[in-house]
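Notes follow once the structure below has been shown.
The values are calculated or read from the model by the stated rules, or taken from the named source; none is laboratory data. Source: prediction; values computed, not measured. All Cβ positions, even for glycine, are placed from backbone atoms using ideal geometry, and neighbour counts span all protein chains on display.
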Amino acid sequence: MRKDKKQVIGDEIGDEQIKLFLDFEPVDATSPSLHKLVKAYRGLRIDDFERFLTFFVEAGYDVNGKDEHGNDFVALIKDQRNASDYIELIEKVRG
């Protein structure tokens with residue numbers, strides 16, 4: 001595959017399916033906002049995650065949410081292989 005072409009795996013998902021990631025709630029002291037971001041990160045492709053962030057912010061959730069150890073989303077994923085694109089999107093939302 002050419003380097004300038006993105007590989008697309010699976011069918012495109014609709015807005016309602018993406019919004020389902022707003023329904024996840026934590027079972028520990030993690031903030032609901034952080035929990036939703038992590039679930040979406042694990043379950044959505046980058047383009048879908050970008051769409052998710054729009055719904056996330058519109059619903060009033062906080063992109064700076066932290067877990068019980070004080071880690072935010074970026075701290076939790078920064079050492080993962082594909083994290084840089086997701087971190088870039090979070091930084092863009094943070095302004």
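Odds and ends about this structure:
- Selected residue (only one of R81, R45 is surrounded by 11 or more Cβ atoms within 10 Å (Cβ to Cβ) and either in contact with an Asp or Glu (Cβ under 6 Å, 6 or more places away or on another chain) or farther than 16 Å from S33 by Cβ (or both)): R45
- Considering the range 19-33, the residues that are polar (S, T, N, Q) and in a loop (DSSP other than H, G, I, E, B) include one that is surrounded by the most Cβ atoms within 10 Å (Cβ to Cβ), namely T30.
- Just so you know, in the range 30-59 the residues that are of a type in the set (S, T, N, Q) and touching a Gly at 6+ places or on another chain (Cβ under 6 Å) include one that is farthest from E91 (Cα to Cα), and it is S31.
- When each of Y61, Y41, Y86 is tested for being in contact with a Ser or Thr (Cβ under 6 Å, 6 or more places away or on another chain) and under 25 Å from E12 (Cα atoms), the lone residue that passes is Y61.
- Filter result (of a type outside the set (S, T, N, Q) and either surrounded by 11 or more Cβ atoms within 10 Å (Cβ to Cβ) or part of a helix (DSSP H, G or I) (or both)) within the range 84-95: D85, Y86, I87, E88, L89, I90, E91, K92, V93, R94
- Among residues of the range 54-70, those that are out of contact with any Lys or Arg (no Cβ under 9 Å at 6 or more places or on another chain), surrounded by 11 or more Cβ atoms within 10 Å (Cβ to Cβ) and under 25 Å from E16 (Cα atoms), counted: 3
- Test set (1) at pLDDT 95 or above; (2) in contact with a helix residue (DSSP H, G or I) (Cβ under 8 Å, 6 or more places away or on another chain); (3) surrounded by fewer than 15 Cβ atoms within 10 Å (Cβ to Cβ) - K36 fails condition number: (3)
- Screening the candidates G70, G60, G65 for the property of being under 19 Å from F24 (Cβ atoms), modelled with pLDDT under 95, part of a loop (DSSP other than H, G, I, E, B) and out of contact with any strand residue (DSSP E or B) (no Cβ under 6 Å at 6 or more places or on another chain) yields one hit, G65.
- For F73, the conditions (1) exposed (fewer than 15 other Cβ atoms within 10 Å of the Cβ); (2) in contact with a Gly (Cβ under 9 Å, 6 or more places away or on another chain); (3) of a type outside the set (D, E) all hold with the exception of (1).
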